[in-house]
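All remarks here apply to the structure that follows.
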Amino acid sequence: MDYLDTFAAFAADLRFDALPPAVRAHTGWVLADTLAAIVAGSAEPELRAWAQRQPTGGGATLVGLGRDTQPMAAALVNGAAGTFLEMDEGNRFSRGHPAIHVLPAVLALCESGGVADAHTFLSALVAGYEVGSRLGAASQLRGAMHPHGTWGTVGAAAASARVGGMDAGAMRETLNIGASMSIATSKKTMLEGGLVRNVYAGLSNHNGLLAAQLAQCGFTGERDGLASLFGQIVSKRFDTAALMLDLGTDWHLSHNYFKLHSCCRYNHGTLDAIDAMAARGPLPAPQDIARVSVRSYHLAAELKDPAPRNTLAAKFSVPFAVATRLVNGSSAMDSFTWNAVRDPRVLALAQKVEIAEDPAMSARLPHERPARVVITDHAGRQWVGEAGVNRGDDAAPYSHGELRAKFMDLTGRVWPLAHGEAVLAQTLALCAGEVGLQQWLALLRCPPV
């Protein structure tokens, strides 16, 4: 057996009920957080306009919109919805967002196929997460690429194959097919605010589902599509030893991060540093600030546009994130809306923020995402803050109370409070084996209010 045989067998044979209790419990929060991101994203006008163009009927719910469509369309639209607000969970080792690349495909297949077994649903979710995240960690994507839509496609393919009960041989074929169905993504789309970027994760779900369907119909891929894609095409390296390290004993899902700052993860070290300053005492009023200097790692230093053209570009701008945090006193959703993007106070302050790479900070990745912020007022007084491990990582986790508040805030854009509370309770209960899958799926069909 080569590495791919072993990797495929791992995905095909993964059983949720055999996972450690802590991993099963944490899966409930990953599922809830990703679901909330989809629900909240469904309220965005571009997403709703696009969803209206999807065919009705097919048994797969457009979550947050309260109607059904064909499975592939649901996987596509729900995947896009989950990335609109930059609030979906992620993984620092894969340098991306595994769950949103997997959950919409699993939801669409299980719901449209009438799967009654929660164990199948949850096993597929974790299998897809682990496959996608491990591929991301074992690769070094080319610098001009956006990670969405790349290794996540293979994760979605693995999850879809697991729903279908494929054996190890069929799983290997599905992974190879999935590797040929990833997309060429451009990092500039996020930096420039190109909303097409939000579709990348949807395409991973759509194409991963399609890969499993093709395998079931007899289509084949390369002998080792993973090595071709990640070793020669989209990535500078593909480390199979890293891919297989502690497979089945060390779970990437347990090392994920959650987000409370409503923007790109690369901003979070900077925002954590500002929060640390604010916790020590009052910060200067925005009009009294002369300049803000930020030093961080190379990925954060790329987010340097002080005048983002829309809400998406704002989420990928350190100057804007700093300015809106200081003006609004928060980095939550309301600080990255169109009103915030058009706020002259925020835009004026963003022009005073400069960011540059500190190579020593870049060397601390992936275990830390550090930043140092110096705020100087017109009188020359300075406020200094630093961050290493970002809040929300498994090394500095948010409390369940904080995650619960985030869930209610996100779902409250669409659902009544009581319904949001019921969905969260039953999502956690689903992973504890206390609720049936069909009972839980029925809650997701609630229309927007």
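The values are calculated or read from the model by the stated rules, or taken from the named source; none is laboratory data. As the structure is a prediction and not an experimental result, all values here were calculated from the model. Positions of Cβ are generated from backbone atoms using ideal geometry, with glycine treated the same way; all protein chains shown enter the neighbour counts.
Here are some notes:
- Candidates in the stretch 299-322 are the residues that are of a type outside the set (D, E, K, R) and assigned to a loop (DSSP other than H, G, I, E, B); of these, the one that is surrounded by the most Cβ atoms within 10 Å (Cβ to Cβ) is 317.
- Qualifying residue in the stretch 63-72 (condition: modelled with pLDDT under 95, touching a helix residue (DSSP H, G or I) at 6+ places or on another chain (Cβ under 7 Å) and more than 26 Å from residue 429 (Cα to Cα)): no
- Each residue in the stretch 342-364 was checked for being of a type in the set (A, V, I, L, M, F, W, C), farther than 22 Å from residue 289 by Cβ and out of contact with any Lys or Arg (no Cβ under 8 Å at 6 or more places or on another chain), and 2 pass.
- Any hit, the stretch 323-330, residues being in a strand (DSSP E or B), on the phi < 0 side of the Ramachandran plot and surrounded by 23 or more Cβ atoms within 10 Å (Cβ to Cβ): no
- For the stretch 363-383, the condition holds for no residue, the condition being that it is within 27 Å of residue 326 (Cβ to Cβ) and not assigned by TED's automatic domain parsing to the domain that holds residue 297.
- The single condition among (1) within 21 Å of residue 121 (Cβ to Cβ); (2) surrounded by fewer than 14 Cβ atoms within 10 Å (Cβ to Cβ) that residue 440 does not meet is (2).
- Just so you know, in the stretch 218-238 the residues that are assigned to a loop (DSSP other than H, G, I, E, B), on the phi < 0 side of the Ramachandran plot and over 23 Å from the mean Cα position of the chain (by Cα) include one that is surrounded by the most Cβ atoms within 10 Å (Cβ to Cβ), and it is 221.
- Residues of the stretch 290-309 satisfying the condition of being under 12 Å from residue 322 (Cα atoms) and among the hydrophobic types (A, V, I, L, M, F, W, C): 292, 294, 303
- For the stretch 34-49, filtering for residues that are acidic (Asp, Glu) and without any contact (Cβ under 8 Å) to a residue 40 or more places away in the chain leaves 0.
- All conditions in (1) over 14 Å from residue 151 (Cα atoms); (2) in contact (Cβ under 8 Å) with a residue 60 or more places away in the chain hold for residue 230, with the sole exception of (1).
- Residue that is nearest to residue 261 (Cα to Cα), among those in the stretch 85-119 that are among the polar types (S, T, N, Q) and in contact (Cβ under 8 Å) with a residue 60 or more places away in the chain: 91
- Set side by side, the residues 115, 106 differ, and just one is at pLDDT below 95 and assigned by TED's automatic domain parsing to the domain that holds residue 229, which is 115.
- Within the stretch 52-140, helices (runs of 4 or more DSSP H) holding 1 or more residues that are farther than 30 Å from residue 246 by Cβ and of a type in the set (Val, Ile, Thr): 71-81
- Residue count for the stretch 342-398 satisfying the condition of being aliphatic (A, V, I, L, M), part of a strand (DSSP E or B) and buried (at least 21 other Cβ atoms within 10 Å of the Cβ): 6.
- Criterion (of a type in the set (Gly, Ala, Ser), more than 21 Å from the chain's Cα centre (by Cα) and either surrounded by fewer than 18 Cβ atoms within 10 Å (Cβ to Cβ) or not assigned by TED's automatic domain parsing to the domain that holds residue 84 (or both)) met by exactly one of 405, 429: 429
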